[in-house]
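One structure below.
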Amino acid sequence: MIFKRLSLFMALAVVLAVFGMAGHAQAQGGVWSATYYPNTNFTNPIGTLYQYPTLSLNFGEGPPTDSGGNPIPGMPVDNFSARFSSVQNLAAGNYVFQLNVDDRATVRLNGVTIFNQNEPGTAAAQVALPGGNINMEVDYIEFTGVAFIELSWQPITPGQPGFFPTQAPPEDPTETPRPTFTPLPPIPPGALTGTVVRANVLNVRNAPTTGGDLIGRVLRGQTYAVIGRDADARWFLIQLSGFQGWVNGFYLGFNRNEFTAPITSGNLLLINPPPVPDYGVRAQTQAGLRMRASPSTHAEQTGRISWGAFLPVIARTANNQWWKVVWRETVGWIYAPFAIIVEGDIRNVPIE
């Protein structure tokens, strides 16, 4: 099974306050220069500067290659990064930029970030350009599996499908669609409740940590039934309309002692489905990892897990080198040295 989540196309309007001589190019015309790093943190470059006519590169499951298709010496197949730069002369106007990437990329135009794509997928952004030379920079990271990066653009005018008026950039521009605000559900009589009192908008996540996936938002003054908490009573599980989610208790006001909420496993929302046992142990990946059908590097790959993902651990090998985990409704094995335990005791997990 291929594990890639394709981000929905989202138009992101950005005004670039950069001025230069007007030009007429409307497609890639400037050469792209690339610096490669044999790691994912942009350190210790290999030293040679490579050039490409366009930024449309597909390395497959092999190492990065030069413009002639030759493997770049000193570069690994997985867990590497690259920094691409180019100067493109574009006519003034509105443009739609499109990014296709596996695994991660950040794109800047004259220092303004228009994409910060943190997972494999496709994103689009509408950008207003004053015309002239535009400095483009792309930071690219590859973890495991297939590797590709493509950045393209085309002019768009009022009246064309997809055009919308340009507006100032938000504080944290992102190409990922934002979750909608969650409607208020009914509260059972006598329930422990939490009211949002210390934030205008409070994020709802699928795990009791700021690293959990954002699954909703609730607003100041809204009250929800509290149905669980973590062991430290810092995160609380609340009942929303049709689903449950975790919120940070610092931002809530409670109708009575919040410690009366039952302690609930942080894996509750991560194991859904399949029906597997929960030993209260959760790991977080420290790199992009391959999921395997059995605890061996020679076993079939059944998934690709992103860096920083939270995984319920449901089994382990006797030497504790492999953990059996749940990832996006699939059970499989990961190599344990590239993950850490963030909740529970691994000794409580049975050996398989």
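Every read-out reported here was derived from the displayed coordinates using simple, explicitly stated rules and does not represent laboratory data. It should be emphasised that the depicted structure is a prediction, and the values quoted were computed from it without experimental measurement. Glycine gets a Cβ as well: all are built from the backbone with ideal geometry, and neighbour counts include every protein chain shown.
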Quick calc: nm separation of the 7 Å Cα→Cβ label points for I351 and L49 -> 5.7
How large is log10 I(q)/I(0) at q = 0.14, 0.16, 0.19, 0.22 Å⁻¹ when the Debye formula is applied to the Cα atoms of the stretch 193-260, each weighted equally and without solvent?
-0.33, -0.43, -0.62, -0.86
For labels at R220 and E150 in the simple 7 Å Cα→Cβ model, what's the distance in nm?
4.5
Footprinting proxy, L214, L252: sorted fewest to most Cβ within 10 Å, the residues are L214, L252
Tell me which trypsin sites (Lys or Arg not before Pro) from the stretch 205-257 have a DSSP coil assignment and no more than 15 other beta carbons within 10 Å of their own.
R220, R234, R256
Can you tell me the dipole magnitude for the stretch 29-108 around its Cα centre, using point charges on the Cβ only (Lys, Arg +1; Asp, Glu -1), in Debye to the nearest 20?
300
From zero up to wherever the largest Cα-Cα distance of the stretch 282-348 sits, split into 10 Å bins and tell me the percent of pairs in each.
24, 63, 13
The distance between the Cα centres of the stretch 286-317 and the stretch 208-260, in whole Å, is 30
Gained length - T195 relative to A128, 0.36 nm times residue gap less alpha-carbon distance
20.0 nm
Hey, rough spin-label estimate for Q301 and V87, points 7 angstrom out along Cα→Cβ, what's it come to in nanometres?
3.9
